[in-house]
1. Quick check: is even one residue across the stretch 67-84 surrounded by 12 or more Cβ atoms within 10 Å (Cβ to Cβ), in a helix (DSSP H, G or I), in contact with a strand residue (DSSP E or B) (Cβ under 7 Å, 6 or more places away or on another chain) and at pLDDT 95 or above?
2. Quick one: in the stretch 52-61, which of the residues that are within 12 Å of ligand 1 (Cβ to nearest atom) and in contact with a strand residue (DSSP E or B) (Cβ under 9 Å, 6 or more places away or on another chain) is nearest to residue 39 (Cα to Cα)?
3. Within the stretch 12-33, is there a residue that is within 16 Å of ligand 2 (Cβ to nearest atom), part of a helix (DSSP H, G or I) and farther than 18 Å from residue 93 by Cβ?
4. Output the residues belonging to the stretch 34-59 that are within 13 Å of ligand 2 (Cβ to nearest atom), over 15 Å from residue 11 (Cα atoms) and not in a loop (DSSP other than H, G, I, E, B).
5. When the residues of the stretch 20-40 are narrowed to those that are within 16 Å of ligand 1 (Cβ to nearest atom) and in contact (Cβ under 8 Å) with a residue 40 or more places away in the chain, which ends up farthest from the chain's Cα centre (by Cα)?
Ligand SMILES: [Zn+2]
Ligand SMILES: [Zn+2]
(Lines give C-alpha, C1' and ligand atoms only; values in the text may rest on other atoms or scores of the structure.)
(Ligands and ions follow the chains in the order given, each with its own letter.)
Protein backbone atom coordinates (compact mmCIF):
# COMPACT_ATOMS: atom_id res chain seq x y z
CA UNK A 1 0.00 0.00 0.00
CA UNK A 2 1.35 3.42 -0.86
CA UNK A 3 1.09 6.34 1.52
CA UNK A 4 -2.35 7.87 1.88
CA UNK A 5 -0.75 10.89 3.59
CA UNK A 6 1.59 12.11 0.85
CA UNK A 7 1.28 12.58 -2.89
CA UNK A 8 4.91 13.38 -3.58
CA UNK A 9 8.02 11.46 -2.71
CA UNK A 10 9.75 13.97 -0.44
CA UNK A 11 10.53 14.37 3.24
CA UNK A 12 7.31 15.12 5.10
CA UNK A 13 9.04 17.72 7.28
CA UNK A 14 11.61 19.49 5.09
CA UNK A 15 10.56 18.44 1.55
CA UNK A 16 14.04 17.21 0.76
CA UNK A 17 14.19 14.55 -1.94
CA UNK A 18 17.59 13.20 -0.89
CA UNK A 19 18.28 10.13 1.26
CA UNK A 20 14.62 9.32 1.63
CA UNK A 21 13.49 6.47 3.85
CA UNK A 22 10.06 4.99 4.36
CA UNK A 23 8.66 5.51 7.86
CA UNK A 24 5.68 3.57 9.22
CA UNK A 25 3.97 6.01 11.56
CA UNK A 26 2.79 3.34 13.99
CA UNK A 27 5.89 1.20 14.24
CA UNK A 28 6.82 -1.81 16.31
CA UNK A 29 4.93 -5.09 16.31
CA UNK A 30 2.12 -5.45 15.37
CA UNK A 31 1.43 -1.82 14.43
CA UNK A 32 3.93 -1.62 11.60
CA UNK A 33 1.94 -4.14 9.56
CA UNK A 34 -1.27 -2.24 10.23
CA UNK A 35 0.37 1.03 9.20
CA UNK A 36 1.42 -0.67 5.99
CA UNK A 37 -2.08 -1.99 5.36
CA UNK A 38 -3.67 1.44 5.87
CA UNK A 39 -0.98 3.38 4.03
CA UNK A 40 -0.16 5.30 7.22
CA UNK A 41 3.46 5.95 6.34
CA UNK A 42 5.52 8.83 5.04
CA UNK A 43 8.82 9.52 3.32
CA UNK A 44 11.42 11.09 5.56
CA UNK A 45 14.98 12.21 4.87
CA UNK A 46 17.62 10.42 6.92
CA UNK A 47 17.92 13.38 9.32
CA UNK A 48 14.21 13.47 10.00
CA UNK A 49 13.96 9.70 10.21
CA UNK A 50 16.76 8.36 12.39
CA UNK A 51 19.73 10.62 12.75
CA UNK A 52 19.03 14.30 13.44
CA UNK A 53 17.85 16.01 16.64
CA UNK A 54 14.30 16.09 15.23
CA UNK A 55 14.35 12.55 13.86
CA UNK A 56 11.08 10.78 14.60
CA UNK A 57 12.84 7.77 16.11
CA UNK A 58 14.68 10.07 18.57
CA UNK A 59 12.41 13.03 19.13
CA UNK A 60 9.16 12.49 21.01
CA UNK A 61 7.54 15.66 19.63
CA UNK A 62 8.23 14.77 15.99
CA UNK A 63 7.00 11.24 16.58
CA UNK A 64 3.77 12.46 18.18
CA UNK A 65 3.23 15.08 15.49
CA UNK A 66 3.10 12.35 12.85
CA UNK A 67 0.91 10.08 14.97
CA UNK A 68 -1.60 12.87 15.61
CA UNK A 69 -1.68 13.72 11.91
CA UNK A 70 -2.19 10.07 10.93
CA UNK A 71 -4.91 9.49 13.50
CA UNK A 72 -6.72 12.62 12.30
CA UNK A 73 -6.59 11.22 8.76
CA UNK A 74 -7.89 7.89 10.04
CA UNK A 75 -10.84 9.49 11.83
CA UNK A 76 -11.73 11.59 8.77
CA UNK A 77 -11.36 8.83 6.20
CA UNK A 78 -11.29 5.35 7.67
CA UNK A 79 -13.16 4.91 10.93
CA UNK A 80 -14.07 6.16 14.37
CA UNK A 81 -11.75 6.86 17.31
CA UNK A 82 -13.00 3.68 18.97
CA UNK A 83 -12.02 1.68 15.91
CA UNK A 84 -8.65 3.42 15.84
CA UNK A 85 -7.97 2.45 19.45
CA UNK A 86 -8.94 -1.16 18.79
CA UNK A 87 -6.63 -1.23 15.79
CA UNK A 88 -3.60 0.69 17.08
CA UNK A 89 -3.89 0.27 20.84
CA UNK A 90 -4.45 3.84 22.02
CA UNK A 91 -5.50 7.32 20.99
CA UNK A 92 -2.94 10.06 20.36
CA UNK A 93 -5.56 12.84 20.19
ZN1 LIG B 1 13.70 16.03 6.24
ZN1 LIG C 1 10.80 4.76 10.85
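1. no
2. Only one residue fits best here, namely 56.
3. Yes, the stretch 12-33 contains at least one residue that is within 16 Å of ligand 2 (Cβ to nearest atom), part of a helix (DSSP H, G or I) and farther than 18 Å from residue 93 by Cβ.
4. Result: 35, 36.
5. Result: 23.
The values are calculated or read from the model by the stated rules, or taken from the named source; none is laboratory data. Here the structure is a predicted model, which means the values were calculated and not measured. Glycine also receives a Cβ, built like all others from the backbone with ideal geometry; neighbour counts cover every protein chain displayed.
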